[in-house]
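The values are calculated or read from the model by the stated rules, or taken from the named source; none is laboratory data. Just so we're clear, the structure is a prediction, and the values are computed from it rather than from any experiment. Heads up, the Cβs are rebuilt from the backbone with ideal geometry, glycines too, and the neighbour counts pull from every protein chain shown.
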């Protein structure tokens, strides 16, 4: 009542105003503060958040919502915050009642998508409240946020869940890639047809050990060179030229374009040039006949 | 075969089902889009040519890796002489000399200009190479490109440097508005051309909501100095009618 009292006559924010595509944009922050009073904002929140409000206008709306819900936001507000989300801090989010997977899903799908720090706060809060990383939760986290999961959270994933989500952890830390690869390998181990298995495991290959790459090299998978160069360095180095040929198949000639970049360069210098020549793709820089590579022993620095 | 699949889902069919299908034309566009390089060996070189031709007929959209692999399979025993029977997007990975047995360089670039340039990432060296070859083929000596040539270049105009944009005046704007993003120097050149008023759109002070809708692909480039010149009524009408379902971000709006 107090707020409505300061609202200029005829400017009350009614259903009609909220339905007019751009009208509330022209309210000054002061007018918004005064006129939002008893407005039916919640009924129009999903539409209201799409208006390109200024930061001071957003601050007023946040304040209004805070006053309206002193004991925490209800589900329909939490899942429809939209651009207002940028006005909240991770600390504020860590107190929210993100108690269901649907709510986490709705929160992470808010447009524009939450920043990493806000998403991380929401995921941590969701798990802190005892919720599991099931297919819906992991699907909501998706490729965009999967790298935010820590080792404990990743270990909590039940492998079959990976069959129901589409993730690409290629931008994550090596530790994350390693854990997810093992989970994915277990998840897809029942896939008998190789091209299908390869397509499924492909996004996770950045965590594959050498032994598994050696097995794949016998299966005609025609790996892209762009995938090959993202494999674990310690997994690529033990591969023989024949095994690399087996992995790349029709894509082998493209390796020549990458031969001066890591990890291809590092791999080439470990190979016998005669073996590289047998690939007929013009790889140079291998060990010539009669030479061996000596690895210098590393001694601890003298104190 | 009658259901709409995602590419990842359709990839699963290529393991066994597709390679065993004697008549690829019986397969739907949705299934064919699942072509994977891992399944290519099983399909074999000859049948890959058959498969690729069916993909053209069914207008199957493939990604960069799929196209590059399909091309390797199709050209395993040399470049076919009937490249026009294969998916147009395969041409993005070829040069006019590879096309010589099929047609001349202008025909090559007419097809390339209509292909889906988004398949090649902005930094892909093939893009710049294709553009240079296209300018040579169309015998464009300086930096001025007329409307006819702009039409042939199609998506390739998105990679033209600022000097081309400035010298060509308004003749590139229609094609440029289809590009998703620009380099900062391209943006500046577009702004200069638009604010000069020497285009079919006239000076910004004379623009209407209709002009803005025609220029919608260039709106994020405009900048405050042009926006301030646009009549307020035109801008607000456009904002109400078009910003609603626009792909522009909040900051751009």
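How about segment A:199-214: which of its residues are buried (at least 18 other Cβ atoms within 10 Å of the Cβ) and over 21 Å from the mean Cα position of the chain (by Cα)?
Of all residues in segment A:199-214, those buried (at least 18 other Cβ atoms within 10 Å of the Cβ) come to A:199-208, A:213.
Within segment A:199-214, just A:213 meets the criteria.
For segment A:55-83, enumerate the residues that are modelled with pLDDT under 85 and within 14 Å of another protein chain (Cβ to nearest Cβ).
Within segment A:55-83, A:82, A:83 meet the criteria.
Within segment B:229-237, identify whether any single residue is within 21 Å of residue B:182 (Cα to Cα) and either out of contact with any strand residue (DSSP E or B) (no Cβ under 9 Å at 6 or more places or on another chain) or within 13 Å of chain A (Cβ to nearest Cβ) (or both), and answer yes or no. Before the answer, list the steps.
Of all residues in segment B:229-237, those within 21 Å of residue B:182 (Cα to Cα) come to none.
Within segment B:229-237, none of the residues are within 21 Å of residue B:182 (Cα to Cα) and either out of contact with any strand residue (DSSP E or B) (no Cβ under 9 Å at 6 or more places or on another chain) or within 13 Å of chain A (Cβ to nearest Cβ) (or both).
Say we look at segment A:34-44 and pick out the residues that are part of a helix (DSSP H, G or I) and surrounded by fewer than 20 Cβ atoms within 10 Å (Cβ to Cβ); which of these is farthest from the other protein chains (Cβ to nearest Cβ)?
Step one: list which residues in segment A:34-44 are part of a helix (DSSP H, G or I), which gives A:34-35, A:41-44.
So of that shortlist, the ones also surrounded by fewer than 20 Cβ atoms within 10 Å (Cβ to Cβ) come out as A:41-44.
Details: A:41: 19, A:42: 21, A:43: 19, A:44: 14 Å.
Here the answer is A:42.
Within the group B:85, B:106, which residue is over 14 Å from the mean Cα position of the chain (by Cα), away from chain A (no Cβ under 14 Å) and under 22 Å from residue B:52 (Cα atoms)?
Details: B:106 fails: under 22 Å from residue B:52 (Cα atoms).
Residue meeting the stated conditions: B:85.
Quick one: residue B:21 ticks every box in (1) without any contact (Cβ under 8 Å) to a residue 24 or more places away in the chain; (2) within 10 Å of chain A (Cβ to nearest Cβ) bar one, so which box is it?
The one condition residue B:21 does not meet is (2).
Got a sec? Which of B:73, B:55 is within 25 Å of residue B:118 (Cβ to Cβ) and facing chain A (nearest Cβ under 9 Å)? Let's see the steps before the verdict.
Details: B:55 fails: facing chain A (nearest Cβ under 9 Å).
After ruling out the rest, the residue left standing is B:73.
Can you tell me which of B:216, B:246 is at pLDDT below 85, within 14 Å of chain A (Cβ to nearest Cβ) and within 22 Å of the chain's Cα centre (by Cα)?
Numbers: B:216 fails: within 14 Å of chain A (Cβ to nearest Cβ).
That would be B:246, the only listed residue that is at pLDDT below 85, within 14 Å of chain A (Cβ to nearest Cβ) and within 22 Å of the chain's Cα centre (by Cα).
For the condition more than 19 Å from residue A:219 (Cβ to Cβ) and touching a helix residue (DSSP H, G or I) at 6+ places or on another chain (Cβ under 7 Å), what is the one hit in B:32, B:27? Break it down into steps so the answer makes sense when it comes.
Details: B:27 fails: touching a helix residue (DSSP H, G or I) at 6+ places or on another chain (Cβ under 7 Å).
Just a single option satisfies the conditions, and that option is B:32.
Would you call residue A:50 within 14 Å of chain B (Cβ to nearest Cβ) and either outside any helix (DSSP H, G or I) or free of Cβ contacts under 8 Å to residues at least 60 places away in the same chain (or both)?
yes
For segment A:175-192, which positions are part of a loop (DSSP other than H, G, I, E, B) and in contact (Cβ under 8 Å) with a residue 12 or more places away in the chain?
Initially, segment A:175-192 is screened for residues part of a loop (DSSP other than H, G, I, E, B), giving A:188-192.
Selection gives A:188 alone.
For segment A:196-223, what are the residues that are out of contact with any helix residue (DSSP H, G or I) (no Cβ under 8 Å at 6 or more places or on another chain), closer than 18 Å to residue B:34 by Cβ and either away from every other protein chain (no Cβ under 12 Å) or modelled with pLDDT of 95 or more (or both)? I'd like the intermediate steps shown before the answer.
Restricting attention to segment A:196-223, the residues satisfying the condition of being out of contact with any helix residue (DSSP H, G or I) (no Cβ under 8 Å at 6 or more places or on another chain) are A:197, A:211, A:215.
So of that shortlist, the ones also closer than 18 Å to residue B:34 by Cβ come out as A:197.
Selection gives nothing.
I'm checking my understanding of the structure. Among residues of segment B:32-48 that are away from chain A (no Cβ under 14 Å) and surrounded by 15 or more Cβ atoms within 10 Å (Cβ to Cβ), which one is nearest to residue B:74 (Cα to Cα)?
Taking the candidates together, the pick is B:47.
Would it be correct to say that residue A:262 is at pLDDT 95 or above, assigned to a loop (DSSP other than H, G, I, E, B) and touching a helix residue (DSSP H, G or I) at 6+ places or on another chain (Cβ under 9 Å)? Break it down stepwise before answering.
Numbers: at pLDDT 95 or above: no; assigned to a loop (DSSP other than H, G, I, E, B): yes; touching a helix residue (DSSP H, G or I) at 6+ places or on another chain (Cβ under 9 Å): yes.
No; evaluated as a whole, the condition is false for this residue.
In segment B:58-70, how many are more than 10 Å from chain A (Cβ to nearest Cβ), in contact with a helix residue (DSSP H, G or I) (Cβ under 6 Å, 6 or more places away or on another chain) and surrounded by fewer than 21 Cβ atoms within 10 Å (Cβ to Cβ)?
Here the count works out to 1.
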